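A.B. asks: One structure, pasted below without further comment.
The values are calculated or read from the model by the stated rules, or taken from the named source; none is laboratory data. Keep in mind it's a predicted model, so treat the numbers as computed, not measured. Here the Cβ is made from the backbone with ideal geometry for all residues, glycine too, and neighbour counts use every protein chain on show.
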Amino acid sequence: MPNILILGAGRVGSSVAEQLVRENYNVTIVDEQPSNLQPLADKLDLRTLCGHASNPVTLAQAGAADADLILAVTPSDELNMVACKIAHSLFNVPTRLGRIRDQDLLARPELFTEDGFAIDHIITPAQIVTDLLQGLVATPEALQVLEFGAGKAQMVAVRIEAGAAMDGKDLSTLPLYLEKIDCRIVSIYRGNKRITPDGNTTLSVGDEVFFLAARQHVRSVIRQFRASERTIKRITLCGGGNVGYRLARALADDYQVKIIEVQRERAQWLAEHLPNCLILRGEATDENLLDTEQIDRCDLFMALTSDDEDNIMSSLLAKQMGARKVVAIINRSRYVDLLQGGKIDVAISPAQATIGALLTHVRQGDIVAVHSLRRGEAEAIELIAHGDRNNSRVVGRKVEEIKLPQGANLAALIRGEQVLMAHHDTVIENEDHVIVFIDNKRHIREIEQLFAVKIGFF
């Protein structure tokens, strides 16, 4: 069983620890604050240690010598860098992941090589969340947009709207609306209950449908689930921190972007660095400010501060005053389930968004991408199939021959530049990128073992 050492018991560290414990990994978590560790020790089967993350004695006591992977996610970039270096130099930890947020550090990749601070994989939560938000801007009808095969395929979550082509229709009728476009419905959620899709499944208003399609076909598929197509022109961002700045910079050339920032110095800095955006100094919970800035004409309002209460209140106010769609970052994962789908259209947990990037390196096997779905309830994985029929349980076999665990769905393949939906007679070939949907994470290990090649292949 892999031994995972996590440094930092903040939101990301504790969320990842909880996820890994659920999957029966051996987890040790280190933090300087006993108050951060006690709640984890009370509810999870893991080991906690109070100490400094870059102290060699602390790392030795935490079992660094036996660790298969170290994840440094303390609030300090410098501390994460030093901890990874010590883990490499003194304890020879095979895989080292570090959270780095400073743009000036990220601009110097030579710092993270084996001769530098020896970080194998850099995790930047702000960029991960920014990429997720960009997907929602590009696909405004979606609740979630995830990419596979370097963007060749996308998995999209969309809510059925009254009056849509598929409202009240059986899934077997979907191909009639799509003509020659192939897609795969991988899961349906009605309330908090998962429905395993088949041709007889009747879609209802409010259902969350997860489908997979080639990138160029996604828009056509969405049209069947929505009554009207939305276009985004005017975007208002509440908060000009790391995420707000990155997102505004990415969107400024194609959209009308306003940023509401409460801190005077930060607002001035944003104005200097984002000449194509309108920077407003004030509070997004100020009704007069929103009214003056015609929030009722806003196509998309995004609350991106680090304060959950401000994000919730500003989103609810913006929606009440006429903003067409509101998206809020919610750091407390439990709030996400309470808020999404009500007045707040999409609620995003940064910790949950980051977990997928981390799990890509924790999982066993040749895994390209891991995406957490439904606030961590389900998962979509992109694996590379290796071998042949003699040394692999999947290569050279039809999909109907592959014994998947209950709740797992082999959804699609990416073969070179082709995106192929998986049908019962589809044959898996060596080097295919296989996209698997799993609704119960207890079966993750079974999937990993299924795609493992027999000893001697390499």
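A.B. asks: Does segment 93-121 hold any residues that are in contact (Cβ under 8 Å) with a residue 40 or more places away in the chain and of a type in the set (S, T, N, Q), and which are they?
C.D. replies: THR95
A.B. asks: Then there is this: Run down PRO94, PRO125 and say which single residue is farther than 17 Å from ALA9 by Cβ and in contact with a strand residue (DSSP E or B) (Cβ under 9 Å, 6 or more places away or on another chain).
C.D. replies: One residue alone meets the criteria, PRO94.
A.B. asks: From GLY13, GLY8, GLY98, which residue is in contact with a helix residue (DSSP H, G or I) (Cβ under 9 Å, 6 or more places away or on another chain) and on the phi > 0 side of the Ramachandran plot?
C.D. replies: GLY8 is the lone residue from the list that is in contact with a helix residue (DSSP H, G or I) (Cβ under 9 Å, 6 or more places away or on another chain) and on the phi > 0 side of the Ramachandran plot.
A.B. asks: While we're looking at this one, here's another question. Which one of these is out of contact with any Ser or Thr (no Cβ under 8 Å at 6 or more places or on another chain) and over 20 Å from ARG22 (Cα atoms): ALA412, ALA385?
C.D. replies: Just one listed residue meets the conditions, ALA412.
A.B. asks: What tally of residues in segment 372-386 results from selecting those that are modelled with pLDDT of 85 or more and in a loop (DSSP other than H, G, I, E, B)?
C.D. replies: Going through segment 372-386 one residue at a time, the tally reaches 2.
A.B. asks: Let me ask you something else. GLU147 passes all but one of (1) under 30 Å from LEU410 (Cα atoms); (2) among the charged types (D, E, K, R); (3) not in a strand (DSSP E or B); which number fails?
C.D. replies: (3)
A.B. asks: Test of understanding: among ALA9, ALA64, which residue is in contact (Cβ under 8 Å) with a residue 12 or more places away in the chain, over 27 Å from the mean Cα position of the chain (by Cα) and closer than 20 Å to LYS85 by Cα?
C.D. replies: ALA64
A.B. asks: What strands (runs of 3 or more DSSP E) lie completely within segment 405-458 and have 2 or more residues being not hydrophobic (A, V, I, L, M, F, W, C)?
C.D. replies: Passing ranges, in order: 408-415.
A.B. asks: For segment 185-212, enumerate the residues that are under 26 Å from the mean Cα position of the chain (by Cα) and farther than 25 Å from ASP345 by Cβ.
C.D. replies: Selection gives THR196 alone.
A.B. asks: Any residue at all in segment 262-270 that is over 30 Å from ARG190 (Cα atoms), in contact with a Pro (Cβ under 9 Å, 6 or more places away or on another chain) and surrounded by fewer than 23 Cβ atoms within 10 Å (Cβ to Cβ)?
C.D. replies: no
A.B. asks: Here is a follow-up. Going through segment 415-444 one residue at a time, which ones are surrounded by 14 or more Cβ atoms within 10 Å (Cβ to Cβ), under 21 Å from THR196 (Cβ atoms) and of a type outside the set (Asp, Glu)?
C.D. replies: Residues satisfying the conditions are MET421, ALA422, THR426, VAL434, ILE435, VAL436, PHE437, ILE438, ASN440, LYS441, HIS443, ILE444.
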